[in-house]
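Novice: Supplied in structure tokens, the structure appears directly below.
The values are calculated or read from the model by the stated rules, or taken from the named source; none is laboratory data. Keep in mind it's a predicted model, so treat the numbers as computed, not measured. Because the Cβ atoms are built from the backbone with ideal geometry, glycine has one as well, and the counts that use them run over all protein chains shown. Please note that ligands, DNA and RNA were not included when accessible areas were found on the heavy atoms of the full protein model with its side chains. Shrake-Rupley method; radii C 1.70, N 1.55, O 1.52, S 1.80 Å.
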Amino acid sequence: METTGKESFFKFEILIKSFEAFQRLKAIILLLVTLIVTGAVVYGFLTLSKHFAIRGSFGAAGFIVFVGLIIGSIIFLIGYTAAGKILMEYAKNRASIPVIDSIIFSLFSFYRFITAGIILAIIPIIVAIISLVYFFIAKIPDLGKLLAFIGIPAFTIIFSLMFFAILMISFMIAPMIFEGNNIKEIIVKAFKIYKKHATLIFGYFIFIYVVLFIVGALFTVLSLVSLSLTSSVLMATKPTYLFNDMFGGYGYGSPFMGMMGGGPISYLAMFGAFIGFGISIIYMLITSLLSAYMMLGQSYIYLDVTSDMNFDDVEAQFKEVTSKVKSNIDKYKEKASSMSVNNNLNSGENPSKQTPNQPEDNKTEDSVKFCPNCGTRNPADAKFCENCGNKLE
């Protein structure tokens, strides 16, 4: 692999090579079937919930919708993971695996998407709580206007950057799951990959979505042209049987349709009855093709950026990563505590039981703790070095 220092070169051929996904019929068909089944299940539960809603059982209707969405999501994740496994095997070994093997793999792996999503959701939840506290403080008269003026654009930018970062991290989590990594391996690899190749992955992320947009726009334009032609034919021929099927016998000129707008509504109803399922299949096929392209691209990119990295001792590396995260959390806790003490001093409060014979400045050697790793002076009660994060005895 070509390298410059610690960074790899951006390889445009990966984006071109990813179009091989259009030849992976197993993955495309599996994605298409997954979307059809998922849509049918969700639609079935929605239809069932309507019957309960009509009878006034809104609680039962809402619960049925919730259950339908859960089941539909699980079906989608199983099919998506199975298709991803097929594409990962092709990218990694240029081999094709049986669909049943990929489905069995996904049955034991799809939940990792849910677990990874929960972990990634912790950050937005924390930021949301902070923003709620901030805007609660912003309710203070006079001061609140200034805080709101500063906070609204600030938190808008923070949330935008945060969700973009989560989307980019998820970009590499998917191929890790397709490869069969467990949660510990995903955490370790994600940390090390983005620490070493964040700029490179950002470039791939942007370019692959640009390609997806161009290809998707082309397919969409072709579909819309076809829909326009079909709609024109329907409006000219006016096949009443479609309209009757939609509304249980109501035809042209009915008082009911006259109150709702007459002709235009009937044309829309016929149009939906005639091509509703067909056009759904078309758009599901387009979605399957674009998803297959992105998934194969993700697999190629993941294999490219990890080809020069070592993940042999994942357990030790996991402890190292969690230790660094914990040390950073403790460091920020100590900083927050010191800020609180300073605020109390400024307000004239006495934060601790001190005697006049205990000056805070001119600390002696006994009141500091030296880091054995980098030699940095730390407070005597510090558990981790403020400079390197090393654990202090």
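Novice: Tell me yes or no: at least one residue of the stretch 150-169 is outside any helix (DSSP H, G or I), modelled with pLDDT of 85 or more and either in contact with a Phe, Trp or Tyr (Cβ under 9 Å, 6 or more places away or on another chain) or not β-branched (Val, Ile, Thr) (or both).
Specialist: No, the stretch 150-169 contains no residue that is outside any helix (DSSP H, G or I), modelled with pLDDT of 85 or more and either in contact with a Phe, Trp or Tyr (Cβ under 9 Å, 6 or more places away or on another chain) or not β-branched (Val, Ile, Thr) (or both).
Novice: Of the conditions (1) in contact (Cβ under 8 Å) with a residue 60 or more places away in the chain; (2) farther than 17 Å from ASP304 by Cβ; (3) open to solvent by 10 Å² or more (accessible area, probe 1.4 Å), GLU179 satisfies every one except a single condition; which number is it?
Specialist: Condition not satisfied by GLU179: (2).
Novice: Of the conditions (1) open to solvent by 80 Å² or more (accessible area, probe 1.4 Å); (2) of a type in the set (Phe, Trp, Tyr); (3) over 21 Å from ILE282 (Cβ atoms); (4) over 22 Å from the mean Cα position of the chain (by Cα), TYR43 satisfies every one except a single condition; which number is it?
Specialist: Condition (3) is where TYR43 drops out.
Novice: Test each condition in (1) without any contact (Cβ under 8 Å) to a residue 12 or more places away in the chain; (2) farther than 22 Å from MET294 by Cβ for VAL67 and report the one that comes out false.
Specialist: All conditions pass for VAL67, except number (1).
Novice: Are any of the residues in the stretch 103-115 among the hydrophobic types (A, V, I, L, M, F, W, C) and over 29 Å from GLU20 (Cβ atoms)?
Specialist: Looking through the stretch 103-115, at least one residue is among the hydrophobic types (A, V, I, L, M, F, W, C) and over 29 Å from GLU20 (Cβ atoms).
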